[in-house]
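Written out below as structure tokens is the structure these notes cover.
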Amino acid sequence: MAASSKKFQKKKSNEGKPKFNKGSKKQFKTKKDGAVKSEAVALQLEDDVPDFPRGGGSSLSKHERDEIRAEVDAEFEAEELTSKKNKRKKSQKKIQAMPDDLGSLFGDGITGKLPRYANKITLKNISPGMKLWGVVAEVNEKDLVISLPGGLRGLVRAGDALDPVVSNKVENNEGDFLKNIFYPGQLVSCIVLQLDDDKKESGKRKIWLSLRLSLLHKGFTLDAVQEGMVLTGYVISIEDHGYMLHFGLSSFTGFLRKDGHAESKDVEVRTGQFLQGVIKSIDKTRKVVNLSSDPDSVSKCVTKDLKGISIDLLIPGMLINASVRSTLENGIMLSFLTYFTGTVDMCHLQNKFPNKNWKDDYNQNKKVNARILFIDPSTRAVGLTLNPHLVHNKAPPSHVNIGDIFDQSKVVRVDRGFGLLLEIPSKPVSTPAYVNVSDVAEEEVRKLEKKFKEGTQVRVRILGFRHLEGLATGILKASAFEGPVFTHSDVKPGMVVKAKVIALDSFGAIVQFPGGVKALCPTRHMSEFEIAKPGKKFKVGAELVFRVLGCKSKRITVTYKKTLVKSKLGIISSYAEATEGLVTHGWITKIEKHGFFVRFYNGVQGFAPRSELGLGPGDDPNSMFHVGQVVKCRVTGSSPASRHINLSLQMRPVRISEDDMVKLGSIVSGVVEGLTSSAVVINVNSKAHLKCMIFNEHLADHHERAALLKSILKPGYKFDQLLVL
């Protein structure tokens, strides 16, 4: 150790380099500002999470490796002088810090020691450049939502779904081309572009992805592809006998014969669509590869062990032959393609219900088929999956819905300090579900193994679903089974709910229902009357009673207007519900001279003409009413097909006496309410509040003058003398 000590003294003078504490086994925290070369090594020198002994050459020189080893040895000697009692305390702290240890990624090793934990992708260690396998969870107009490993979710902008050379050929039908190319449940390979902090929710990050093959296939050449390899390409053109494919590269293209494509009768192949195929032959002269897309062949085609294959040529979703190298605390380590090693975490084992004896199924050197789940080029970490559905190139099915309650779920495994693995009795087959330790009970549970035993039954509610793993997440807390709202699907327009204010902004307040669902209370709905600033009651943490205004695309809006919250009248949440004679509450959204618009629930609105507002002949609606005001109104007529509702503020139809009736030949005054193509609509100034029509030919004696007069008439124009015909 003398030589090591001298090297350490020499190294100590370099103040700018990080120190490694082998004895303390504390998690190394990388610097946020300016990555240095040795930062990647910091994660590799952890005793708790050491590196793969193989997997490619290290980027460090021999001199740098010697210096790092010397530093570790010297600090380890210093730690040896501490007492055994302190070591025991530190080992206890290490157990408590285990979740952070699992967040580290490691790849090719320099220590020659086996890792203790399998690689897992988390929000802490995900970084730009990582290649991931995912499942399309949602297809929206402007983006895709991708379910990623570890329960993460990423977003793909429409512009990042295809390479420009392909997107230019895709017919963009009102920006909805994504729905013609992608579908929920589709397996896709993607690459991380960037991570943004979520402005709506502090502490969360948005993961932006790209599906562009030019990024995923970077480094591919015609010499690198071989017969029997599976490639994914875009359909760039549809020919008489097949499909021309583009792989995101200019060096070669592909052709897939129609007789080699098992096309579904219900699914039409479109330009821009992704197709997978097995290379049958390679024409190096024309730089074209010929493929077959038979699903059975594609799902069984194993990646061959190629000479000089690099980590850049590994693509998520590749099927490989692997052998078990060792079992880890939370998974197994496999070796594959001679030069590489990868890990499988417990969510991706062959058995979807692994019990406490799961390690017995993975003896050393056991041969298995696996698919690549993710690749991190910076650390050379590789994640693999043994999930039977994914190995067969299919996304795991979902047999549960968020919010479902299962009373007889069996505890399969108890993970001390982490949570419970359950077997959900779903139909037609059981579904695995994991309950985090924080969702087990209202109070903190320190010893799960004493409170829960394997084989016992518990009542669970489904919180979410990891589409890639086929794993549900659940909650056992008693509060999760109470309250009307648990998911967005539980929210109905008009329902009265209690919610907690969690954030205030210029546009309104963000509130949260007991089940965790969030909603927006716009500024205009934070009080009965329009206010510039939130009321005193709106403080973060305050629990208030709201009424749901609408729920569209998981965007929920609520109101705190007392009249609406306490209203006992029926509601209108669709045009079909607006039956004649129905009395309800609404709020004014726009005021005009000839009347105003009233908004109801779920975006439904109607119009109350001036004659139905109870105003006098000279009254101005703007001076009598204001936008945002809650009004009680009666439906006088509706047309669901044309989405029109006529309203009145008079609760009963006005009874007109014979003395108040306008008689033929009498002279009356009136105000223009509106114009049609053939007439002018007039509100007659009388006790009867009648409407009349002046047809175009009666506006003047001559046709030219009548047309000129109508061109200058607007709602609100007053006529002093009109003859009743």
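The values are calculated or read from the model by the stated rules, or taken from the named source; none is laboratory data. Owing to the predicted nature of the structure, the values given are computational and were not obtained by experimental measurement. Here the Cβ positions follow ideal geometry from the backbone for every residue, glycine too, while neighbour counts run over all protein chains shown.
The table for this structure:
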item	result
Residue that is crowded, with 20+ Cβ neighbours inside 10 Å, at pLDDT below 85 and outside any loop (DSSP other than H, G, I, E, B), where the choices are Val156, Val192, Val166	Val166
Neighbours by Cβ (under 8 Å, 6+ apart or cross-chain): first from the stretch 104-130, at positive phi and at pLDDT 90 or above; second surrounded by fewer than 23 Cβ atoms within 10 Å (Cβ to Cβ) and hydroxyl-bearing (Ser, Thr, Tyr)	Gly129/Ser378
Tabulated pairs, the stretch 391-418, first under 20 Å from Val445 (Cα atoms), second of a type in the set (S, T, N, Q), C-beta under 6 angstrom, 6+ apart or interchain	Lys410/Gln457; Val411/Thr456; Val412/Asn355; Arg413/Asn355
Lone qualifier among Val435, Val429 - being β-branched (Val, Ile, Thr), exposed (fewer than 15 other Cβ atoms within 10 Å of the Cβ) and within 27 Å of Arg371 (Cα to Cα)	Val429
Any hit, the stretch 487-498, residues being touching an Asp or Glu at 6+ places or on another chain (Cβ under 7 Å) and either among the basic types (Lys, Arg) or modelled with pLDDT of 90 or more (or both)	yes
Number of the condition not met by Thr221 [criteria: (1) of a type outside the set (Asp, Glu); (2) exposed (fewer than 12 other Cβ atoms within 10 Å of the Cβ); (3) farther than 24 Å from Leu132 by Cβ]	(3)
Only listed residue being in contact with a His (Cβ under 9 Å, 6 or more places away or on another chain) and part of a strand (DSSP E or B), chosen from Leu549, Leu544	Leu549
Selection status of Arg325, charged (D, E, K, R), surrounded by 15 or more Cβ atoms within 10 Å (Cβ to Cβ) and either under 18 Å from Gly233 (Cβ atoms) or out of contact with any Phe, Trp or Tyr (no Cβ under 8 Å at 6 or more places or on another chain) (or both)	yes
The lone exception for Lys356 - which of (1) buried (at least 19 other Cβ atoms within 10 Å of the Cβ); (2) over 27 Å from the mean Cα position of the chain (by Cα); (3) among the basic types (Lys, Arg) it fails	(1)
Pairs where the first residue, in the stretch 141-154, is within 14 Å of Pro184 (Cα to Cα) and the second is outside any helix (DSSP H, G or I) and of a type in the set (Lys, Arg), C-beta under 7 Å, 6+ apart	Asp143/Arg157; Val145/Arg153; Ile146/Arg153; Ser147/Arg153; Ser147/Arg466
Meets criteria (more than 17 Å from His594 (Cα to Cα) and assigned to a loop (DSSP other than H, G, I, E, B)) for Ala707	no
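One line per residue, one yes/no per condition, for (1) at pLDDT below 90; (2) touching a strand residue (DSSP E or B) at 6+ places or on another chain (Cβ under 9 Å); (3) surrounded by fewer than 20 Cβ atoms within 10 Å (Cβ to Cβ):
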site	(1), (2), (3)
Ile588	no, yes, yes
Gln605	no, yes, yes
Gly616	yes, no, yes
Ser638	yes, yes, no
